[in-house]
Amino acid sequence: MAKLYYRYGTMQSNKSNQIITTHHQYTTQGKQCLAYSTPIDTRSGYRKIKSRIGLELVCEYITDTIYDDVKAIHEKNRVHAVVVDEAQFLSKKDVHRLSDIADDLDIPVICFGLKTDFRNQLFQGSQVLLELADAIDELKTICQFCNKKATLNMRLLDGRPTNVGETIQIGDEEYVPVCRKCYKERLGLD
């Protein structure tokens with residue numbers, strides 16, 4: 001039986017590189033692996049997953065018809081896996097459709113994303129994945145300010161930490177991975 005996987009981490013925890021590597025592992029063995037992302041994040045360009053080290057992968061966007069689309073492709077030529085980037089931006093319905101792909105079509109679905117936003121609150125997609133995933137893995141990196149494991153994302157506005165603003169603010173350079181202690185200290189939350 002196929003599983004629904006959730007691999008989460010902070011900013012700069014190698015998520016995009018891992019999704020590209022996972023896709024590469026399947027395709028170099030001659031196995032079809034479908035890559036998806038959400039249309040919210042266009043930092044890397046239209047329908048692209050791009051890692052900080054320069055690797056790129058062309059993908060499709062998640063739509064309401066994801067289950068039917070994957071099923072149609074699978075019926076013509078077996079799909080061995082589905083990988084999904086920026087899974088934190090998925091809706092509850094999207095996650096349920098992905099779980100149906102794993103359950104009904106017996107295709108592993110491997111989702112990658114952030115767990116929480118810069119205010120340390122769960123994204124909707126992350127919450128539902130944490131509730132439904134068969135396997136959950138944390139991708140690790142170190143704090144921007146010390147050598148502890150980073151568990152949170154901090155937003156910098158003009159170089160200063162902030163926890164105010166819209167939940168979804170697409171960016172890269174203004175977000176840094178931090179440990180809980182540095183998060184609280186830098187935001188004055190002690």
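Of all residues in segment 132-142, none satisfies being at pLDDT below 95, among the hydrophobic types (A, V, I, L, M, F, W, C) and not in a loop (DSSP other than H, G, I, E, B). Against the list (1) within 25 Å of Lys50 (Cβ to Cβ); (2) in contact (Cβ under 8 Å) with a residue 40 or more places away in the chain; (3) surrounded by 15 or more Cβ atoms within 10 Å (Cβ to Cβ), the condition Ile142 fails is (2). If you go through segment 117-129 and keep only what is modelled with pLDDT of 95 or more and of a type in the set (S, T, N, Q), you end up with Gln124, Ser126, Gln127. Only a single criterion out of (1) in contact with a strand residue (DSSP E or B) (Cβ under 7 Å, 6 or more places away or on another chain); (2) free of Cβ contacts under 8 Å to residues at least 40 places away in the same chain; (3) crowded, with 16+ Cβ neighbours inside 10 Å is not satisfied by Gln18, namely (2).
The residues of segment 143-162 that are in a loop (DSSP other than H, G, I, E, B) and aliphatic (A, V, I, L, M) amount to a single one, Ala150. In this structure, does Phe145 turn out to be of a type in the set (Phe, Trp, Tyr) and in contact with a Gly (Cβ under 9 Å, 6 or more places away or on another chain)? No; evaluated as a whole, the condition is false for this residue. What do you reckon, is Leu90 of a type in the set (A, V, I, L, M), out of contact with any strand residue (DSSP E or B) (no Cβ under 6 Å at 6 or more places or on another chain) and under 28 Å from Arg155 (Cβ atoms)? So Leu90 passes the test.
Taking the condition surrounded by fewer than 18 Cβ atoms within 10 Å (Cβ to Cβ) and either out of contact with any Asp or Glu (no Cβ under 8 Å at 6 or more places or on another chain) or more than 30 Å from Lys181 (Cβ to Cβ) (or both), does Leu156 pass? When the stated conditions are applied, Leu156 does not pass them. Can you find, within segment 86-106, the residue that is surrounded by the most Cβ atoms within 10 Å (Cβ to Cβ) among those that are in a loop (DSSP other than H, G, I, E, B) and either of a type in the set (Gly, Ala, Ser) or at pLDDT below 95 (or both)? For segment 86-106, the residue satisfying everything is Glu86. Of all the residues in segment 35-64, those that are at pLDDT 90 or above, part of a strand (DSSP E or B) and closer than 17 Å to Gly113 by Cβ number 6. Quick check: is even one residue across segment 27-43 farther than 11 Å from Val83 by Cα, without any contact (Cβ under 8 Å) to a residue 12 or more places away in the chain and either surrounded by 17 or more Cβ atoms within 10 Å (Cβ to Cβ) or not hydroxyl-bearing (Ser, Thr, Tyr) (or both)? Among the residues of segment 27-43, at least one is farther than 11 Å from Val83 by Cα, without any contact (Cβ under 8 Å) to a residue 12 or more places away in the chain and either surrounded by 17 or more Cβ atoms within 10 Å (Cβ to Cβ) or not hydroxyl-bearing (Ser, Thr, Tyr) (or both), which makes the answer yes.
If you go through segment 107-131 and keep only what is closer than 28 Å to Tyr26 by Cβ, touching a strand residue (DSSP E or B) at 6+ places or on another chain (Cβ under 8 Å) and surrounded by fewer than 17 Cβ atoms within 10 Å (Cβ to Cβ), you end up with just Leu130.
The values are calculated or read from the model by the stated rules, or taken from the named source; none is laboratory data. These numbers were taken from a predicted model, which means no experiment stands behind them. All Cβ positions, glycine included, derive from the backbone under ideal geometry; neighbour counts span all protein chains shown.
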